[in-house]
Structures are given as structure tokens and as C-alpha cells.
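The values are calculated or read from the model by the stated rules, or taken from the named source; none is laboratory data. What you see is a predicted model, and the numbers here were worked out from it, not measured in a lab. Methodologically, a virtual Cβ is constructed for each residue, glycine included, from the backbone with ideal geometry; neighbour enumeration extends over all protein chains shown. When the accessible area is computed, the model is the full protein with side chains, heavy atoms only, and any ligands, DNA or RNA have been set aside. Shrake-Rupley method; radii C 1.70, N 1.55, O 1.52, S 1.80 Å.
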Amino acid sequence: MKPILLQGHERSITQIKYNREGDLLFTVAKDPIVNVWYSVNGERLGTYMGHTGAVWCVDADWDTKHVLTGSADNSCRLWDCETGKQLALLKTNSAVRTCGFDFGGNIIMFSTDKQMGYQCFVSFFDLRDPSQIDSNEPYMKIPCNDSKITSAVWGPLGECIIAGHEGGELNQYSAKSGEVLVNVKEHSRQINDIQLSRDMTMFVTASKDNTAKLFDSTTLEHQKTFRTERPVNSAALSPNYDHVVLGGGQEAMDVTTTSTRIGKFEARFFHLAFEEEFGRVKGHFGPINSVAFHPDGKSYSSGGEDGYVRIHYFDPQYFEFEFEA
């Protein structure tokens with residue numbers, strides 16, 4: 001399994017994301033550049049230039065027409081995927097931490113940080129209504145008073161968003177009324193990442209409390225737990241196998257105090273049903289900040305604190321692998 005190494009960022013990777021077909025891979029980092037790559041050979045297709053701060057999040061809509069990015073320069077930007085042209089600039093009062101298109105690609109949501117005296121908000125814009133964009137007025141804005149949102153995704157059918165908080169809570173907000181539909185607290189520390197399964201029936205969370213957990217996406221019922229010895233920064237579900245990949249490592253500030261040989265920076269593969277680890281992939285020289293499965297399940301990518309993105313195509317053994325319980 002020889003990885004393809006993507007070198008397009010000068011600072012640590014914050015998020016990587018495939019488009020729906022999986023032919024493109026979007027990467028963002030703590031530098032202002034947004035990159036898009038061909039996932040098949042790792043060739044860089046282009047960049048989206050315009051941000052002036054670290055970019056925290058990226059998303060592409062279902063037909064890969066538009067790209068959405070959220071940044072610490074207090075803006076959320078909408079781009080034309082093909083030309084790289086900036087289509088919309090939504091200014092905020094604080095850094096944009098998470099962003100996403102709903103399944104139809106018409107409505108976007110993003111959450112802002114609680115900082116500089118400003119509250120944490122989730123904003124919803126309808127892209128079909130240009131007046132919302134021009135006046136920078138979302139059709140709905142949900143305040144988060146308790147602990148700030150650190151990760152968020154659209155739920156099934158675009159009816160709600162599922163948000164993970166700094167304190168470890170999970171909330172399901174209605175995209176129509178903005179009320180909290182479900183609230184659960186299964187994690188004891190910050191939720192770093194939420195990723196849905198291919199059919200959107202369940203999702204996996206990655207938390208600073210050293211675990212990743214599987215939930216039902218409508219009821220938020222907790223189903224499985226995957227335990228590790230260090231904080232989990234990201235977790236992704238395989239689209240066609242009962243596998244989950246976890247990426248993590250210790251806190252960025254402790255990185256220099258340990259040797260890379262100990263192997264703290266591997267991507268770890270767990271079986272979804274048995275909660276057992278069955279494989280590890282080495283490679284990064286620092287914690288893995290984001291992992292993503294290719295939509296066809298034949299490869300996965302990881303982006304690390306070292307600024308590299310690695311695309312791994314699985315060996316034939318992976319597909320023949322039988323888990324012995």
C-alpha cells in the first residue's frame with residue numbers, strides 16, 4: 001500500500017473532504033490556501049485563493065458545482081468549483097469553525113466560534129435567495145449559549161444539523177425552526193469531528209476523550225465505542241465495509257516531546273460491529289487531523305499536523321480480509 005503524497009500546504013491540515021463521486025479531494029489547512037486534487041493520481045487541479053487566515057473547514061455540494069470554505073479570517077466563502085471564482089463572501093464576527101451544504105446543495109450552514117466577546121452561532125443561508133447573501137442576513141441564526149460548536153454536519157434529508165460541542169454534548173438542531181430536537185452527552189471532552197455513513201443512517205464522532213463513537217443519526221442513540229490511548233481528531237466510516245478509520249495523536253503542543261518511532265501517529269482501523277482494532281497505517285510525522293474514506297471504499301486519505309495529505313489505495317488483502325470474532 002504505497003501512499004500518494006500531496007504537498008500543497010505550508011501549515012498543518014485542518015480538514016480533507018472528497019466530493020460525492022470521489023474523483024476530487026479538497027484540502028484546507030492553517031494557511032489561507034484551499035486546494036483541490038485529483039484523487040486518482042494526486043495531481044493538483046487548482047487552488048481557491050482569497051482567504052487571509054487559517055481555513056478550518058471545506059465542503060462541496062452534491063454535484064460538485066460549488067465549494068464552501070470557512071476561515072479564521074471571519075468569513076465563509078462560496079466558490080465556483082470549476083473556475084475557482086469566488087461567488088459569495090459572508091462576513092462573520094468570529095472565526096468560522098464548521099460549514100456544510102445540505103443534500104440539495106441549496107442551503108448552507110456554518111458555525112462561528114465563541115471569541116472576542118462574540119457568541120457561538122449557527123447561521124443558515126438559502127443560496128436561491130440572493131438578497132440573503134447581499135445583505136449578509138441569514139434566514140435563521142441559532143445561538144449556542146453553553147459550549148461552543150466544534151464540529152457539525154447536516155443530518156439526513158437536510159431536516160436538521162447534528163452538532164458536537166466543546167463539552168462533549170451532541171445536539172440535533174432543526175433546520176426549520178432552530179430548536180434543539182435531541183440532546184445527548186456520551187463524550188466527556190470536546191468532539192473534534194463528525195462524519196456520516198454513506199446512507200446517512202448513522203454517524204461517527206471523534207473526541208478528545210480518546211474515543212470515537214457510533215450514533216444513530218435520527219435518534220442520536222449511542223451504538224458503539226472505539227477506544228484508543230490518545231485523543232481522536234477524526235474518524236470516518238467505510239462506505240462498503242463494516243470498518244471505521246480513526247486518526248489522532250497527542251496534543252499538538254506535546255508533539256516535540258515524543259519520538260515518531262513509538263508510532264503514535266498511525267491511522268487505526270476498527271471493526272464497526274466488534275469494536276476491535278484490526279490494522280494500522282503509519283506515515284505521518286505528527287498527529288492526523290482529518291481522515292476520509294473514498295466514496296467507493298477502495299482508498300482512504302489522511303491529513304496531518306505535518307502539512308501532508310496522504311492518499312492510500314488498499315491492497316487486495318484488505319478486501320479479502322475476514323474478521324474472526
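On average, how much accessible surface per residue is there in the range 1-316, in Å², for a 1.4 Å probe, leaving out ligands, DNA and RNA?
Working: 13070 Å² over 316 residues.
For the range 1-316, the solvent-accessible area averages 41 Å² per residue.
Taking R0 as 41 Å, what's the FRET efficiency between Lys65 and Asp146 from their Cβ-Cβ distance, rounded to 0.05?
Numbers: r = 36 Å, r/R0 = 0.88.
Computed FRET efficiency for Lys65 and Asp146 comes out at 0.70.
The heavy atoms of Cys76 offer some 0 square angstrom of accessible surface to a 1.4 angstrom probe. Remark on Arg97: its backbone amide H falls under 5 Å from those of Ser111, Thr112, Asp113, a criterion applied only to residues 5 or more positions apart or on other chains, H modelled at 1.01 Å from N.
Need the list of lysines near Lys298 for cross-linking: C-alpha distance under 22 angstrom, and skip anything on the same chain fewer than eight residues off. Partners found: Lys2, Lys17, Lys282. Excluding residues on the same chain fewer than 8 positions from Lys91, give the lysines whose Cα lies under 17 Å from its Cα. Leaving aside lysines fewer than 8 places away in the same chain, those within reach of Lys91 are Lys114, Lys141. Taking θ as phi - 60° and the Karplus parameters 6.51, -1.76 and 1.60, the scalar couplings of the range 302-314 work out to 9, x, x, 5, 7, x, 9, 10, 10, 9, 10, 8, 5 Hz in sequence order, x denoting glycine and proline. Remark on Arg11: its backbone amide H falls under 5 Å from those of Lys30, Asp31, a criterion applied only to residues 5 or more positions apart or on other chains, H modelled at 1.01 Å from N. For Ser39, the residues whose amide H sits under 5 Å from its own are Leu24, Leu25, ignoring neighbours fewer than 5 places away on the same chain, with H placed 1.01 Å from N. Here r is the Cβ-Cβ distance between Gln7 and Glu82 and R0 is 22 Å; the resulting FRET efficiency, rounded to 0.05, is 0.40. Label-to-label distance, Asp23 versus Asn136, with points set 7 angstrom from Cα along the beta-carbon direction: 3.7 nm. Candidates Phe226, Ala60, Ser94 compared by Cα position along the dipole of the chain: farthest toward the positive end lies Ser94, with charges placed on Cβ. Working note: Karplus 6.51/-1.76/1.60 with θ = phi - 60° gives the range 62-77 the couplings 5, 9, 6, 7, 10, 10, 10, 9, x, 9, 6, 7, 6, 8, 10, 10 Hz, where Gly and Pro are set to x.
Counted residue by residue at 0.36 nm each, then reduced by the alpha carbon distance between them, the extension gain from Glu179 to Arg230 reaches 15.0 nm. Would the range 1-52 count as rounded, prolate or oblate if I go by the C-alpha gyration tensor, calling it rounded below 1.5 in a/c and otherwise prolate when a/b exceeds b/c, oblate otherwise? Prolate is the answer for the range 1-52, as a/c is 1.5 or above and a/b outweighs b/c.
Please tell me the relative contact order of the range 1-316 in percent, rounded to the nearest whole number, where contacts are Cα pairs under 8 Å and at least six residues apart. Spell out each step's value before the answer.
Details: 927 pairs, mean separation 43.2, N = 316.
Averaging sequence separation for qualifying contacts and normalising by length gives 14 percent for the range 1-316.
Could you tell me what percent of the accessible area of the chain is made up of carbon and sulfur, with a 1.4 Å probe and every protein chain present?
Numbers: 6730 of 13960 Å².
Of the solvent-accessible surface of the chain, carbon and sulfur hold 48 percent.
A simple rule links phi to the HN-Hα coupling: the Karplus curve 6.51 cos²θ - 1.76 cosθ + 1.60 with θ = phi - 60°, which for the range 14-25 gives 9, 7, 10, 8, 7, 7, 5, 6, x, 7, 10, 10 Hz, with x for Gly and Pro.
The separation of the range 1-52 from the range 140-169, counted between C-alpha centres, amounts to 25 Å. Each Cα pair under 8 Å and six or more residues apart adds its separation to the average, and for the range 175-325 the resulting relative contact order is 15 percent.
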